[in-house]
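> Take a look at this one; I'll ask things after.
The values are calculated or read from the model by the stated rules, or taken from the named source; none is laboratory data. Quick caveat, the model's predicted, so the values are computed rather than measured. Using ideal geometry, Cβ is built from the backbone for each residue, glycine included, and neighbour counts are taken over all protein chains shown. Surface areas here come from the heavy atoms of the whole protein model, side chains and all, with no ligands, DNA or RNA. Shrake-Rupley method; radii C 1.70, N 1.55, O 1.52, S 1.80 Å.
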Amino acid sequence: MVLRLHIAALGALLALPIPALSGSLERFSEFIDQTLTARGEFEQKIYDRNRTLLQESRGTLVFSRPGKFRWTYVKPYAQLIVGDGSRVWIYDEDLKQVTVKKLDQALGSTPAALLAGNNEAMRAFRLSDQGAKGGLEWVEATPRDKEGGFERIRMGFRASGLEVMELLDGFGQTTVLRFRSLQRNPKLDPALFRFVPPKGADVIGDVK
């Protein structure tokens, strides 16, 4: 499902440790070093190769690095994605189905290795400074493993932190994630990162 892959993408990027460099890479490094937890809202739009809007959704997010995150899609379809540090739980409310994967397998060398992350994430991407445009400073991450499903990921920063992500996949589709009211380093309830399958839901995947 499209939504799952893009959540993993953000997780990977927010976990990447990089050395302090100039320009947008320095902005990225500062954001990562100084943001251990976050809470906010997001808007996601998916476009085809002709920039025709295919899908629009929105929701809320929290994360605690490394490896813990909670994404809640509220429109147009209810979906919950929880990373508890060892597994990723994806609950599709309409289907009453829970899909479970080990964290490293769910993220792999896809962009998700970047909120979830460990030091291996650093090796999975080539990072480059893309300069300033539209009032933002841009970093581009190119996966070394072409099996990951994304051609490249671009992140736009202001002084306040991460504002937008653009993900280009192998089919020419572009996903744009914009973040609003992103609080950095709030105190978060650990229960946010625990998931218990709802009664009656089908559970598939790596539960053990």
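> Could you check how many residues of region 123-157 are open to solvent by less than 70 Å² (accessible area, probe 1.4 Å) and at pLDDT below 65?
Of the residues in region 123-157, 1 are open to solvent by less than 70 Å² (accessible area, probe 1.4 Å) and at pLDDT below 65.
> Go through region 110-122 and give me each residue that's open to solvent by less than 30 Å² (accessible area, probe 1.4 Å) and either at pLDDT 90 or above or assigned to a loop (DSSP other than H, G, I, E, B) (or both). Show your work before the answer.
The initial filter retains those residues of region 110-122 that are open to solvent by less than 30 Å² (accessible area, probe 1.4 Å), namely 110-117, 121.
Correct list: Thr110, Leu114, Leu115, Ala116, Gly117.
> Go through region 19-47 and count every residue that is among the β-branched types (Val, Ile, Thr) and either within 16 Å of Glu137 (Cβ to Cβ) or modelled with pLDDT under 85 (or both).
So the count comes out to 2.
> Of all residues in region 60-96, which are on the phi > 0 side of the Ramachandran plot and surrounded by 16 or more Cβ atoms within 10 Å (Cβ to Cβ)?
Keep residues of region 60-96 that are on the phi > 0 side of the Ramachandran plot, which gives 67, 85, 96.
Matches in region 60-96: Gly67 only.
> Could you check region 158-208 for strands (runs of 3 or more DSSP E) lying wholly inside it with 2 or more residues that are open to solvent by less than 40 Å² (accessible area, probe 1.4 Å), closer than 26 Å to Asp145 by Cα and of a type in the set (S, T, N, Q)? If you could, list the steps in order and put the result at the bottom.
Numbers: elements: 161-169, 174-184, 202-205.
Counting at least 2 such residues, we get 174-184.
> Still on this structure, please answer the following. Name the pairs: first residue in region 178-194 and at positive phi, second residue modelled with pLDDT of 90 or more, Cβ to Cβ under 9 Å, at least 6 apart or on different chains?
Within 9 Å, the pairs are Ser181/Arg39; Ser181/Gly40; Ser181/Glu41.
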